[in-house]
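Beneath this line is the structure, given in structure tokens, with notes to follow.
The values are calculated or read from the model by the stated rules, or taken from the named source; none is laboratory data. Every value quoted in this text rests on a predicted model; they were computed, and no experiment measured them. Cβ sites come from the backbone with ideal geometry, for glycine too, and all protein chains shown count toward neighbours.
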Amino acid sequence: MPGATLSRWTMSYFAAALICLIAGLAMTASGFGYPSVPMNDPASLVVVHLIAIGWLAQLFAGSLLQFVPVIASRQLRSPHLALPILLSAMAGLLLLLTGFMGLADVAPLWTWMLPAGGILLTCSFTSLCWTVVGTLLPARPYTLPAKFVILGCLPLIGAALVGLLFTLPLSGLTGDPYLIDLVLAAGPSHAYLGLVGWMTITAIGVSYRLLAMFLLSPEKTRRTSRTVGWLMAGALAVVICGIVLDGTGSPAGWPLPAAIAAAGLAVLLYALDIRWIYRERKRKAVELNVIASLVAVGMLVACFVLFAASILIGNLAGMVMPVAYLFVFGWLTGLGLGQLYKIVAFMTWLEFYGPVLGRMAVPRVQELVNERRGAIWFSLYFGATAAATVALILDMPDMFRWITIAQLAAVGALVFEFVQTRRLAMAPAATRLPAGIAARRLFLPSFNGRSS
Amino acid sequence: MPDTLEQTNLAEQVRQQLSMVIDPEMGRSVVEMGLIYLIEVTAGGDAHILMTTTTKGCPASAFLREAIQACAASVHGVKEVDVELTYNPPWNPSMMMTP
């Protein structure tokens, strides 16, 4: 039977990811890392990698393990790799962060830590790609989301390998001038590969499927959607050329801005696609996760509008960090939290009510969440993110830190909502399961039932 | 052994029984959602149900299939139940009954 199952470790990925997000926001609020110190300071690198690898990458990895089988309509390849991928990512991240802390003089520095962390992370991401691509490649003909997810795996491997190369001169293991030049010049390209190349391409691809599914909108492969894919692929090729030029000691200034411009055009077309999906929906009532996703898409468009405006007014250098911040927290994190709000409820329903469906009264997925409360937390989160971006543009670091506390409070409240959903606390009384069943499986897998 | 009229009645009873099985996302029964393409009951009382899900590869498909099988089997007079999952034709929102 074509079909997918529950991913056994996805809830554990989400738990690890949310802990990293809270830790990253708490560090920023306490004045650790950017904007209290420059972006290239090792303290900033701690926070950046905690958010990028700890939060976003684990969120994406856990989601892909659950949804790639849905996209491919077949079982996940090598599902036994799910736990090793998570553990190696967490161990690698810990080593990497400890290494950066060593460079920042807040922890002892052992030279092997950064490369060892890089190797573990590269192994983790390569294994993830093996699982994802191995599941999708045999599932011909390829759907649009499948093509985007496969394309996104290439920059993920690229970002991991470039990051691994960075660790060699940063840890002092080598003084190779080409590698030093690479570290000095290719940092932004490394970030592009991870945040735009992997995460944004994957999020765009998956959202074509998920938004159409949640809104009961026809799934069409539009010409604009295909153009989005080609523009993103072209932008990736340009970025990779730029990294090669950086590594050969002849860095050029044009590749990254050219790639961002192409990605910006792709994003505008993507926003048009989302508008069509929304307008053609058969489901009139729009749930909170979709609203949050639409706000996140709006913030993605705002990133590229700000980027274009900064070029026009000749203040690109001053706007890079606010735009990057809005991209990470408005677009990727906003979309991630919005989708988590749905995925946690959906997976919880499958885990606890799927096996008793047809045998007793069961709630709707939406009855496992409290949208009224959730709407307050999402409003606080997105409002704080927009305000924090403005604080960065106006160069008000103290104000930024205060706003980060509001952001942290909103994320903490959303985590509380996720826990309540997992505990079935909002389920209507007539559909309650015996006490304690849900409480035992907050974020560790069930070893009964259909999970892979 | 049921005659043709009884077979039709049994098929209708199965359809009514399947109203207990809801689509977890929409909260409407699989019948109202248009997910049940065909219910046939043989002269021997064996039921064959052709069903789909709203999206191919839906993680709930195995649970829905089992629930439909259990519900149909609970109808008095039905012996064996065979549930077949198909995506031909694929489901689309126009297949839903108007509320």
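Apart from one condition, residue A:73 fits all of (1) on the phi < 0 side of the Ramachandran plot; (2) in contact (Cβ under 8 Å) with a residue 40 or more places away in the chain; (3) surrounded by fewer than 24 Cβ atoms within 10 Å (Cβ to Cβ); the exception is (1). Here residue A:350 meets the list (1) in contact (Cβ under 8 Å) with a residue 12 or more places away in the chain; (2) within 14 Å of chain B (Cβ to nearest Cβ); (3) surrounded by fewer than 21 Cβ atoms within 10 Å (Cβ to Cβ) almost entirely, failing just condition (3). Beta carbons closer than 9 Å, at least 6 apart along the sequence or on distinct chains, pair a first residue in the stretch A:83-110 that is free of Cβ contacts under 8 Å to residues at least 12 places away in the same chain with a second that is assigned to a helix (DSSP H, G or I) and of a type in the set (Phe, Trp, Tyr) for A:107/A:100. Within the stretch A:363-370, one or more residues are touching a Pro at 6+ places or on another chain (Cβ under 8 Å), within 14 Å of chain B (Cβ to nearest Cβ) and part of a helix (DSSP H, G or I). In the stretch A:296-314, the count of residues that are outside any helix (DSSP H, G or I) and more than 18 Å from the chain's Cα centre (by Cα) is one or more.
When you scan the stretch A:31-48, do you find a residue that is within 14 Å of chain B (Cβ to nearest Cβ), farther than 21 Å from residue A:443 by Cα, over 13 Å from the mean Cα position of the chain (by Cα) and modelled with pLDDT under 95, even just one? Scanning the stretch A:31-48, I find no residue that is within 14 Å of chain B (Cβ to nearest Cβ), farther than 21 Å from residue A:443 by Cα, over 13 Å from the mean Cα position of the chain (by Cα) and modelled with pLDDT under 95, so the answer is no.
Here residue A:276 meets each of (1) more than 28 Å from residue B:56 (Cα to Cα); (2) of a type outside the set (Val, Ile, Thr); (3) surrounded by 14 or more Cβ atoms within 10 Å (Cβ to Cβ); (4) free of Cβ contacts under 8 Å to residues at least 60 places away in the same chain with one exception, condition (1).
Of the residues B:59, B:93, B:89, the single one that is away from chain A (no Cβ under 13 Å) and either within 21 Å of residue A:282 (Cα to Cα) or surrounded by 16 or more Cβ atoms within 10 Å (Cβ to Cβ) (or both) is B:89. Residues that are more than 14 Å from chain B (Cβ to nearest Cβ) and either acidic (Asp, Glu) or surrounded by 18 or more Cβ atoms within 10 Å (Cβ to Cβ) (or both) within the stretch A:210-228 comprise A:225, A:228, listed in sequence order. Taking the numbered list (1) buried (at least 21 other Cβ atoms within 10 Å of the Cβ); (2) at positive phi in turn, residue A:155 passes all entries but (2). Here is the figure for the stretch B:4-33: residues that are at the interface with another protein chain (Cβ under 10 Å from one of its Cβ atoms) and either surrounded by fewer than 17 Cβ atoms within 10 Å (Cβ to Cβ) or not polar (S, T, N, Q) (or both) total 11. Residue check: is residue A:95 aliphatic (A, V, I, L, M) and either closer than 30 Å to residue B:54 by Cα or in a helix (DSSP H, G or I) (or both)? Taking the combined requirement at face value, the residue satisfies it.
Quick grid of which residues meet (1) surrounded by 17 or more Cβ atoms within 10 Å (Cβ to Cβ); (2) over 22 Å from the mean Cα position of the chain (by Cα); (3) outside the structural domain of residue A:113 (by TED's automatic domain parsing); (4) not β-branched (Val, Ile, Thr):
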{"position": "A:183", "(1), (2), (3), (4)": "yes, yes, yes, no"}
{"position": "A:190", "(1), (2), (3), (4)": "yes, no, yes, yes"}
{"position": "A:195", "(1), (2), (3), (4)": "yes, no, yes, yes"}
{"position": "A:201", "(1), (2), (3), (4)": "yes, no, yes, no"}
{"position": "A:206", "(1), (2), (3), (4)": "yes, no, yes, no"}
